[in-house]
Each structure stands twice: as C-alpha cells, then as structure tokens.
Amino acid sequence: MSTSSGLGCFASVLVIALPACRGQTRSAARSNETAIVSVRTPLGSEIRLDLVRWTPGGAVVRAERSAVNGVDLFVALKDRPRLAREGLTIEAPGACPTPVDLRGLTAEASIMTRDTIPFSSGKRVMSLGVYDVELKPWIDLGGDRAQLGFDAPFTLHVVPGCDRAAAGRIDWRQVSGEPLPELRLEQRGFRVRGRTAPLGQMRPGPLPWGIVSLSPRTRGQVVLEATWHGDGPTTTRRVLLSAAARTTGVPSLPPWQRVMLGGDGWRVRQRPHGGRADVEQRDGYALFIPDAEGTWKLEDARGKELRVGVRRHDRARLDCGRSECHPEIATAAAPSAMTRSLFRILEGEHGKDVDPSCAVSCHAASEPGLPDGGLWHVAWEDDLALPRLPKRGAWSSLPRSLRRVGSVGCTTCHGPGHIPASPMLWSILRVDVCAVCHDAPPRYRIVEDWRHSRMATTDLRPGAIDEAACGRCHSTDGFLSALGVLASSATRSVPRTARPLGIACAACHAVHGEDVGRSLVRRVSLPDGIGALPAAAEASGICVSCHFPDTGSALPAASAAALWLGRGGVAVFDGEPLSGRAPHLNVEGGCVGCHGGSTGHQFAVDRDRCRGCHADGVPEPTGSIRARAESLWLELISRDVVRVDGRRDEAPHAAARCIKPVATPEARAAWNVALVLEDRAAMWHNAEYARRLLDQARVVLTETR
Amino acid sequence: MRTLLPALASLGALTCCDAEPRQVGVPIVDAGGTLPARATGDLGANCADVGRVRACWGADLEGTSCRDDICLVPRPVPPGPTPNGGWRCDGVGRDRACQRRTAAAAPFVCNGDQCIQRHPRAPDDADWDCVDRFGAVICSTTRGPAGTVPGPPDPGWLCGARRGHAGRICLDLSPDLPDADVGRWDCAFEHRTGTMRLCTRRGVLPTLGAACRVPDGCPPDARCIAGHCLPPEPAPSCWVDGDCGEAMACIFGTCAGRAP
C-alpha cells in the first residue's frame, strides 16, 4: 500500500472511527434536524416490529415503541447528503425492506428551544415532520375469510410485498379442518383455488327452526399454510378460511353476518331504517344478511315471527348493570375468568410467550374477517394493533375502543343487538352459545364430548319435564328455575320442538354467578344431611344437587352421589338415616376425578384414574349386586309394596311408585333397594354400602313373609 | 512511521475503507405513552388546556394576560415534530405530560369538509352521553361498563359528581379535532346508531380556545382574554340548569351565575 493511500485510510480512520466508537451521533453546537418515522404494520401481518432494523446505521438516535400502533424512529438528519442519496431503509422479520425517502424535506421547520431533549445535548431542535411508513409483509395472504359460503368456490391471491418476494414460489398444505374437496395451485402458488365443504357434511341432520348455530367445528373452518421459498428467508404464513361465521343461534347479531335460517318460507316482514336485505332461499334453508342496525322482523311460511336485533359490538351499550336492570349480575361477572379472558393474556398471566393475536376470536367479542364492530374489526378500522408480546400494563395501554370489546362480556354471548323477544329468551340456555368457542376440536373438545354424553338428552325422555320436580334435573331451564337463577321457567319456556337442550353448560357453570373458584362451576347448597364435601371434591356439589335423592319423596330419583357419599339410605325399622363408609369420597376432583380425565365432558369413567389406588386392577363387575337388587325389587312388586306403571326397564323413579305408607319398614326397604337400582355403578361407587342397603331390605322381606 | 503507517492502514481497512458503518444498536424503548411537557408558566393549581391554548383560574390572578380571575398562560408540548392528531396533555406545572391524541382515540376520517371520528374519546370505559358545546365536550354517565375490565381514565378531563343525581359529569376543554384549526369546526356526537363524532368545517365559529378580536366573538359566558376565548373556572357538576338550583345556570358543565 502506498504512503498516500495509507495516509488516506489513516484520515478516514480518524474521521469515522470516532462516531462508531462512541456509538451515537455527535452532539452538536448547532441545530439538530430530526424527523419521526412512524413504522406500522398491517393488522395480523405477524411482522416483528420488536426486531425492526434500519440502515444506514447511526441515522436513528432513538427508537420508541408507541403505545399500541408500532414503532417511532427518531432520525437525525445531520448526514443530509448521505440520507438524500441512500434514504433510510427499514426492515423487520416478515417484511420487505422499505425505503423511506427523506429527500423531500422543506425549509419550513419549526425551531423550538428546549431545556431537555431526550436524544440530543443541543438546545435547538429543528423539527421536520412525521413520516408514516407501513411495512409490507413479505407475502400477504389477505387475512382470514369468515363467510365464504358452504359448497362455494374460493380464490386466494397472495400479494408479494416486493419484487424479491414475487420471484419466489409458495407451497401450500392444509393443517386443520375437514379436508377440502379440492385445492388447486396456480402461478407458482401465488393463487389458490378451492371449494368449501357442503353444509350437510359439516352439520348433518335437520336444521333447527330459526337461526342455525355454527361452531368452529361445524362452520367449515380450515387452516391453510403457505410456505414461501426463494431468494430470501423461508417465510410461512397461515390463513383461516370458513364457510360461515360462528353463530350462537340467539337472534341478536352484528350487521353483515350471514346466517342460515332453519324452517320454510322465510321472508322479511319489517326492516329497520336503512335496511334493504331480503331472505335468500336455498335448498333446505334460507340465508339472511342484515345490512342495517335495528330490529328486523322475519316470519316463516306459517307466519311464525322471529325478531332479530342487529347492532355492532362496539356500539352496544355496556350499561347492563344499571340499577333497574342487572346490577347483581354485572357485579358478579366483573371478576369472572370470562370477563378477564383477554386481560389476563395481555398482562402476561398465561406466560410471556403467548401471542395475544391468537386470542382475538375467543377471548373477546370478535369474529376476525367480519365487520361486526368486534375487536378485530375495530382494530382494523382504527389502524390499531394488539401488543405483540404480553407485559404488565399492556391492557391499560389499549385504546378504550378495544378494551370495551376486549372480553367475553355481555354481548359476546347474548349478542350485540337487543335482548331477544320473549319467545326466544330460552335460546341463551343452549349449548350452542358456548360452542362458538368451546366446540373447536382437536384442541377444545368440550362441547363435542358433551354431545356424546347422556347429559345432552336428559329432557328427551318421556315425562322427563312434565313436572317441575322432574324438570329440575332433566332440563337446564328447570334446574336453573329450581335454584332461583331464573325468575321463572315460564319466561324462558322452551318449545318442545327445540329440545333436547339437556343439562347444558349454563346448568353447571355459573358464567355470571357464584362459582366455586374453578372452571366457573356453580356453587350450590347441598341437600340436608350431607354436610360439607371435602376440599378435593368441592366442585362436586353441582353434581350432588341432582344425583342425590330428595328425601321427601317416596322413592329416590337419583342415587349415584348417595352411594358415593355412603348416605341417603334409611334404617328399615326405625327410619334413622343409614350412613356407611365412603371409600371414594377423597378422590381428588370428586366426581370428575373418575368421570373425567381423558373422557372430558362425556363424563365416562376414565379407568386409568382408578390405577392410582387400584394398582392391581379395578374389580370387574360380577353383576351380583345389581342382580340381587333386581331380585329384591321383583319381590317388592309381587308383594304390592311398589307398583310399576311404566316400563320395567326404566329407572324406578320413572316407572314405579311406592304403595305402602312412607313410614313403614316395607316402604323403607323399597327406598333402599331403589337407591341401589338407581345407580348402575353402585358396585364401583360403594359396593359395601350397596350391600348393606340390600341386606336391610332382605331382613324386612324375610320377616314379613 | 514506516511500520506505523501500514498498521494504521490495516486498521483503516478493517474499520472504514471498505465497510458500511455498522448499525448503531439503539434499543426500542417504551415511552409509556406519555412525554413530559412541564408547564412552568402555570399560575396556581387550577389550570387546563383550552383548545390549543392554556388557561389558569383563581382569585386575584394578575398579569397582562389575565382578567376576571382567568389568565392565558403558555401551553408547552413535548419537543420534536407534532404527531398526527396533535398532543393531548394533562396535569399542572411540573407534573404536566402529553401523549399522542391517536393513542386513545380514533383518528378522523374526512370527506371534504366533513369528518367522522368513529370511536371518540370518553372519560373512561363506561357508557357516556356527550355533547359538544362551543368547543367543549361535556359528558354524563351513571355506571361503569359491564362485562369488561375497565382501563385507566382518559387524561385531560375535568370531572365531578353530578348534583342531585347519581353519576358523574366530565368536561373536556381541549377535545379532538380533525386539525388544529380551532374555531372552524362544528362538531356533534351522534348517538342514534352508536357513538360517533361528526365534525363539519364551517366559517369562523365562537369557540373556546379560538382567537377573538372582539368580546362578542366568544361563546356565551366565555370571555375574550389575551386574544382567546376562555371559559369561567370549571367545576363539573351539572348536566342541565335544573341541577344547579335557583338563580344559577349550568355553564360548560359548571353551576355558575350567568356572565353580565
């Protein structure tokens, strides 16, 4: 190297090394020119603004995360020629490099004198404007599609953010949902054509009258994954496609949600101001898309009316807790896990690695892709974004408009429109309301499991709801009325054609009432004579309230909890309560300690749970206890102690009645035998107590022979 | 020197002669949404932004910019460029701080001289009934929101209990506007289909905070002080005149006698 070039490098070392070594711009005795570059990303783009980078290095003297919207880069413009030549380029993972042209700076500037300036030791700051920059995603799939239609063609156009992205190719695969009937790739994967599943495949069987409920499982929901390959980092994005938006079935909707109507001959009888929509007839159902807020009146071919209240979520008033309305409910719901569902995620209570954007559809009032005034839509309208990562204080930093729709609050379940008219008040009791979030297998199987349980059809049995005493444990509305949760069963009278409702979610779970502090399980008073349940089984109180007999009746109507507790029987001669050992009382979790686990809300026994105590295996049923009980029952029948009016294979409480006076040994014997017969699992719940009850009955029958 | 120069040259080759300056690592910090803007010109503790100016109230306040116990004082904002939508400030004296207006309220969407703000600012997360009155926003509510976790109150409001009724009254003397041209916007809340705020650009209107050249260029009950329309001392407690009792009127949410 020649001396001259060495001197030149020597000089450049001296000039450039100083700032690089200090790591910051030179403080200036003269004015510092700055600009703010506000960097934003499209909603749902997954661009990592927390990893934003910029060139040339040194141009940015301060980077500040604005409350919700993105990142502000405070750019020092002292190196004007270079910035004029190169501009400022901003990059972030998932985005195309975006140049910002700062050459168009005007001489019009506001010169302010400040005593403290966060990024400069100079005293004069020349402000030269705020530049808004939106980073383009490397590939943009266009966001989730909420209402493609059943058995409908769709086309996805992938928009590359820059030329380098456009030169690549995209591979696609379906990662969840029922396999799509067809999926064709075109233009190196930048265009995808497919067809959604038909309605009959997703929701087989006859459609209920009125608004057809749809859950993630039945709405024809699939997730497609796109993987970009080319000159650049491999980029993967996902998009959720649905044939229809989720619907609770409650006639209270946001505008522009397409719903299906079960029944025939639907038409719009009355529209609100500005409404123009009509019902569109299809094969076996009708489609309706309300295009204005207000009350819509629809009627079917027989003139039966359906009133539908329509309003955006963000325009629904949240004054449900007014003193003349529901103050107690509002107060009780305030600390609920549902009210705090998104709050807890944003504040990091579920861990630091949970992405809040995943929670939009089920932790808030929101259907992504639908202009419903919910969380997603408000954020899109107002150009907002959820914090990328949870942290303390994140909830407070949200704008008011997002907080008001950022929970599973009143409008999420009851709908944003008005409260349904009286004939449809019962619709809120259906499992369909909860299914919009809790029926999303494979991850959320609660509703699907429940539908396979006997709880789902308890009100279908003949005579099951004919009387209040029966309806109390055979129907959700009856149960809640008996508890006093519903003012009167009549106000939510469920049409027979709408059944079965079964014992649905609202029976066992107090979504805005007093719960036991776990899974919103309802807190109830226990029947007399039981006392308190052990702490491990506290949540079983809800089960005991129906599965323990009413001691005031002649025959027990349920007994599984009685056997489990070793209570409920009577000494046949003196009528004193008969108690016994309860070997399964302290199983962790109580009833669901055995009737849960891998079976979830099917409430079937999970035999793996038994091995914790029964390491040698659970005794196989010999049938002796049941056979003995049936034999005794036949003998009671033959002696005219009980009379069977119904089918003999039905449970005693449904088919038989006791003829003898209650306070007689024979009647007590019938009670004890029925207690065993009512519980088909008596042998496992408490074999010893079951035998004791039958022994008592045998003594009576022997002595009175 | 012969050995030194090549060594320096090598150093230069490593650091400068061919390389881009490496990016200076500036970590992204969270400003917490607010920036300090100390109001060293405040006179006492009873001060607030009015439009895009600032006023202080108090008995016996004196100064060339004072009259009738109302003073016009400087309104500082954080250094640097003004963000879109302007600054929303709260606090008095050294405790004063500002945040971007769009951090807590939606931007205006304009079509010519008509602008809509879909989710207008409100004192907190409750349902509020609000009205625009000569450049001030007055809001009333009775109860907090149901079914959601309330966030912190919005800064910059002056609030008080409503006289004779359950509930609160809040007053915003520096409401959001489509631009900084105080005095040319006629705004109103639209409650029919849900709360939105509609602003229409008109000619010069009597508006709090706007410039005034003659005394009657100000809204009723406001005063032209140091060239700007300023309201009487705010103490929000009323929604209608009937809340105040005999011989008093509800003026910008405050019970007071009418100005002569």
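The values are calculated or read from the model by the stated rules, or taken from the named source; none is laboratory data. From a predicted model like this one, the values you see are computed outputs, not experimental measurements. Cβ atoms come from the backbone with ideal geometry, glycine included; neighbour counts cover every protein chain shown. In case anyone asks, the SASA skips ligands and DNA or RNA and just uses the protein heavy atoms, side chains included. Shrake-Rupley method; radii C 1.70, N 1.55, O 1.52, S 1.80 Å.
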**Asked** Restricting attention to region B:108-118, which residues are of a type outside the set (S, T, N, Q), within 13 Å of chain A (Cβ to nearest Cβ) and either touching a residue at least 24 places away in the same chain (Cβ under 8 Å) or open to solvent by less than 20 Å² (accessible area, probe 1.4 Å) (or both)?
**Response** B:PHE108, B:ILE116, B:ARG118
**Prompt:** Is it fair to say B:CYS244 is under 17 Å from the mean Cα position of the chain (by Cα) and crowded, with 19+ Cβ neighbours inside 10 Å?
**Reply:** no
**Options A:ALA655, A:ALA663, A:ALA627; residue that is touching a residue at least 40 places away in the same chain (Cβ under 8 Å), surrounded by fewer than 21 Cβ atoms within 10 Å (Cβ to Cβ) and out of contact with any helix residue (DSSP H, G or I) (no Cβ under 9 Å at 6 or more places or on another chain)** = A:ALA663
**Complete:** Flagged in region A:501-519 as surrounded by fewer than 18 Cβ atoms within 10 Å (Cβ to Cβ) and either within 16 Å of A:PHE603 (Cα to Cα) or modelled with pLDDT of 90 or more (or both), in numbering order, are A:HIS509, A:SER519
**Message:** If a residue counts only when it is open to solvent by 10 Å² or more (accessible area, probe 1.4 Å), which strands (runs of 3 or more DSSP E) contained entirely in region A:187-269 have at least 3 such residues?
**Reply:** A:191-195, A:222-229, A:235-241
**Qualifying residue in region B:89-99 (condition: open to solvent by 10 Å² or more (accessible area, probe 1.4 Å), within 14 Å of chain A (Cβ to nearest Cβ) and within 22 Å of B:HIS228 (Cβ to Cβ))** = no
**Complete:** Those residues of region A:136-155 that are assigned to a strand (DSSP E or B) and touching a Leu at 6+ places or on another chain (Cβ under 8 Å) come to a total of 2
**Fill in**
Filtering region A:424-465 for residues that are within 12 Å of the chain's Cα centre (by Cα) and of a type in the set (Ser, Thr, Tyr) leaves a count of 1
**Prompt:** Any idea how many residues of region A:526-550 are within 22 Å of A:THR458 (Cα to Cα), open to solvent by 20 Å² or more (accessible area, probe 1.4 Å) and in a loop (DSSP other than H, G, I, E, B)?
**Reply:** 3
**Any pair with Cβ under 7 angstrom, 6 or more apart, that starts in region A:672-696 at a residue that is assigned to a helix (DSSP H, G or I) and ends at one that is charged (D, E, K, R) and buried (at least 24 other Cβ atoms within 10 Å of the Cβ)** = A:HIS685/A:ASP679
**Item:** Boolean, B:ARG121 is modelled with pLDDT under 95, facing another protein chain (nearest Cβ under 10 Å) and within 23 Å of A:HIS414 (Cβ to Cβ)
**Value:** no
**Asked** Is it true that A:SER427 is open to solvent by less than 20 Å² (accessible area, probe 1.4 Å) and either touching a Lys or Arg at 6+ places or on another chain (Cβ under 8 Å) or within 27 Å of A:HIS313 (Cβ to Cβ) (or both)?
**Response** yes
**Asked** Of everything in region A:59-93 that's open to solvent by 20 Å² or more (accessible area, probe 1.4 Å) and in a loop (DSSP other than H, G, I, E, B), which residue is modelled with the lowest pLDDT?
**Response** A:ALA67
**Request:** Within region B:35-78, work out how many residues are surrounded by fewer than 20 Cβ atoms within 10 Å (Cβ to Cβ), within 13 Å of chain A (Cβ to nearest Cβ) and modelled with pLDDT under 85.
**Result:** 1
**Request:** Could you tell me which residue of region B:168-221 is modelled with the highest pLDDT, considering only residues that are surrounded by fewer than 14 Cβ atoms within 10 Å (Cβ to Cβ) and acidic (Asp, Glu)?
**Result:** B:GLU190
**Asked** Can you name the residue in region A:300-314 that is open to solvent by 60 Å² or more (accessible area, probe 1.4 Å) and within 16 Å of A:MET424 (Cα to Cα) and, of all such residues, is nearest to the other protein chains (Cβ to nearest Cβ)?
**Response** A:ARG307
**Request:** Considering only region B:64-108, give the strands (runs of 3 or more DSSP E) lying wholly within it that have at least 1 residues that are under 26 Å from A:ALA379 (Cα atoms).
**Result:** B:87-90, B:97-100
**Request:** Identify all residues within region B:188-245 that are assigned to a loop (DSSP other than H, G, I, E, B), closer than 28 Å to B:HIS165 by Cα and of a type in the set (D, E, K, R); write none if there are none.
**Result:** B:ARG192, B:ASP221, B:GLU233
**Message:** Just to check your reading of the model, which residue among A:HIS418, A:HIS414, A:HIS438 is in contact with a Phe, Trp or Tyr (Cβ under 7 Å, 6 or more places away or on another chain) and not small (Gly, Ala, Ser)?
**Reply:** A:HIS438
**Asked** Within region B:134-166, which residues are within 14 Å of another protein chain (Cβ to nearest Cβ), over 23 Å from the mean Cα position of the chain (by Cα) and within 13 Å of B:TRP239 (Cβ to Cβ)?
**Response** B:THR142, B:HIS165, B:ALA166
**Request:** Please work out which one of (1) closer than 30 Å to A:LEU207 by Cβ; (2) at pLDDT 90 or above; (3) part of a loop (DSSP other than H, G, I, E, B) is the condition A:PRO556 fails and give its number.
**Result:** (1)
**Request:** Determine if region A:394-411 includes at least one residue that is away from chain B (no Cβ under 13 Å) and not in a loop (DSSP other than H, G, I, E, B).
**Result:** no
**Asked** Is it the case that B:ALA161 is touching a Gly at 6+ places or on another chain (Cβ under 8 Å) and either open to solvent by less than 60 Å² (accessible area, probe 1.4 Å) or modelled with pLDDT of 95 or more (or both)?
**Response** yes
**Message:** Pairs please, first residue from region A:317-328 and within 16 Å of A:GLY417 (Cβ to Cβ) and at the interface with another protein chain (Cβ under 7 Å from one of its Cβ atoms), second anywhere and open to solvent by 80 Å² or more (accessible area, probe 1.4 Å) and not in a helix (DSSP H, G or I), Cβ atoms under 8 Å, 6+ apart in sequence or on different chains.
**Reply:** A:ASP319/B:THR142; A:ASP319/B:ARG143; A:CYS320/A:HIS326
